[in-house]
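The values are calculated or read from the model by the stated rules, or taken from the named source; none is laboratory data. All values derive from a computational prediction rather than experimental measurement. For neighbour counting, all protein chains shown are included, and Cβ atoms are generated from backbone atoms with ideal geometry for every residue, glycine included.
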Amino acid sequence: MATLVCLGFGYSAQHYVAEFGARFDRIVGTTRSEPNATALATAEYGGRSIEPLLFDGETASPELTAALNNADALLISVSPDESGDPALRLLSDTLAPSKLQSIVYLSTVGVYGDHAGAWVDEESDTKPVSARSRERLQAETEWQAFAARTHMPVSILRLAGIYGPGQNALINVARNTARRIDKPGQVFNRIHVADIALVIDACFARRADGVFNVADNEPTAPGDPIVFAAGLLGVAPPPAIPFAEAAKTMRPMALSFYGESKRVRNAKLTRDLGVTLRYPSYREALTALFAAGDGR
């Protein structure tokens, strides 16, 4: 029986299971709260149900330990803290002698920090700016050390800005919550959640090891997808807001994103994993999402 354990059963893990869950006989997903576990127990993802277990990053239940002892694949998206990755901190003794064939850890392109709009790849310097990204980089280092120590393949996926069904510029424009912030020279990469699922599956299938950038082909100004989404919806885009003005009311997390600018290369996905993105830019993705009814 092939078993997948997802430590953190959030947006990306849910979409992976919805598309590729049939590869597994048993799927276990963790969440931090009882209400979430109850909701997960009654939901289906691509026709598959999962076994929800609690994992709060502070203790590991016997049920979770037992599931990991029998797992073939492990997908990790729980957030690290200032002390590192809680999954590795609490579960490394369970994972090291397990039957696991492959581990995939979801990280962020934020670990590169600010490169003033220059291109970065997996060999580029990492100089994270935010505490959040520094914690991710520390967790990456811990997982790489675990892989070296146990000879277990660990794929570290550095994700760009995630969007997809229910979470995209079309919906933001339709709800009048989109802000078109103008900061000259600022660029972002993005990645559709369906492409994240493709990469996760390729990593499991190939028992891949190492770091992979998971980003689209076309870094652009932050307001470009908003203008494109407004065109699909047949409405005027929101007016551009100078960054200096917008910054006065931005939350610290959002503000930190605008303190970093880089263009992320994704060539390693095709070269080493054989992945061709379904949505190489926001245009193909938003067009497909609009056809599926998002924002209408």
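Miscellaneous remarks
- Subset of region 82-101 that is of a type in the set (D, E, K, R), surrounded by fewer than 15 Cβ atoms within 10 Å (Cβ to Cβ) and outside any helix (DSSP H, G or I) - its residue that is farthest from the chain's Cα centre (by Cα): Lys99
- Selection from region 252-280 of residues that are in contact with a strand residue (DSSP E or B) (Cβ under 8 Å, 6 or more places away or on another chain) and closer than 16 Å to Phe228 by Cα: Tyr279
- Gly47 being loosely packed, with under 15 Cβ neighbours inside 10 Å and either of a type outside the set (A, V, I, L, M) or closer than 21 Å to His151 by Cβ (or both): yes
- Of all residues making up region 159-185, the number that are within 24 Å of the chain's Cα centre (by Cα), over 27 Å from Asp121 (Cα atoms) and polar (S, T, N, Q): 2
- Scope region 102-127; condition surrounded by fewer than 20 Cβ atoms within 10 Å (Cβ to Cβ), in contact (Cβ under 8 Å) with a residue 12 or more places away in the chain and out of contact with any strand residue (DSSP E or B) (no Cβ under 6 Å at 6 or more places or on another chain); matching residues: Asp114, His115, Ala116, Gly117, Ala118, Asp121, Ser124, Asp125, Thr126, Lys127
- Positions within region 181-218 being in contact with a strand residue (DSSP E or B) (Cβ under 9 Å, 6 or more places away or on another chain), of a type outside the set (A, V, I, L, M, F, W, C) and either buried (at least 20 other Cβ atoms within 10 Å of the Cβ) or closer than 20 Å to Tyr105 by Cβ (or both), in sequence order: Asn189, Arg190, His192, Asp195, Arg206, Arg207, Asp209, Gly210, Asn213, Asp216
- Filter result for the condition that a residue is under 18 Å from the mean Cα position of the chain (by Cα), at pLDDT 95 or above and not in a loop (DSSP other than H, G, I, E, B), over Leu289, Leu269: Leu269
- Taking the criterion of being basic (Lys, Arg) and under 18 Å from Ser12 (Cα atoms), the only residue of region 140-189 that qualifies is Arg158.
- Near pairs, Cβ below 6 angstrom, 6+ apart or cross-chain, from region 214-234 (touching a residue at least 60 places away in the same chain (Cβ under 8 Å) and of a type in the set (Gly, Ala, Ser)) to any residue that is surrounded by fewer than 18 Cβ atoms within 10 Å (Cβ to Cβ) and assigned to a loop (DSSP other than H, G, I, E, B): none
- Here is the figure for region 37-71: residues that are touching a residue at least 40 places away in the same chain (Cβ under 8 Å), under 15 Å from Asp25 (Cβ atoms) and not aliphatic (A, V, I, L, M) total 1.
- Any hit, region 156-166, residues being free of Cβ contacts under 8 Å to residues at least 24 places away in the same chain and surrounded by fewer than 18 Cβ atoms within 10 Å (Cβ to Cβ): no
- Residues in region 50-64 that are surrounded by fewer than 15 Cβ atoms within 10 Å (Cβ to Cβ) and farther than 25 Å from Arg134 by Cα: Ser61, Pro62, Glu63.
- Among the residues of region 156-178, the ones that are assigned to a loop (DSSP other than H, G, I, E, B) and either hydroxyl-bearing (Ser, Thr, Tyr) or at pLDDT below 95 (or both) come to 1 in all.
- Within region 236-256, one or more residues are in contact (Cβ under 8 Å) with a residue 24 or more places away in the chain, surrounded by 14 or more Cβ atoms within 10 Å (Cβ to Cβ) and within 23 Å of the chain's Cα centre (by Cα).
- Qualifying position, being within 30 Å of Ala73 (Cα to Cα) and part of a strand (DSSP E or B), among Val199, Val211: Val211
- Test: residue in region 23-34 that is touching a residue at least 24 places away in the same chain (Cβ under 8 Å), more than 24 Å from Ser92 (Cα to Cα), surrounded by fewer than 19 Cβ atoms within 10 Å (Cβ to Cβ) and touching a helix residue (DSSP H, G or I) at 6+ places or on another chain (Cβ under 9 Å): yes
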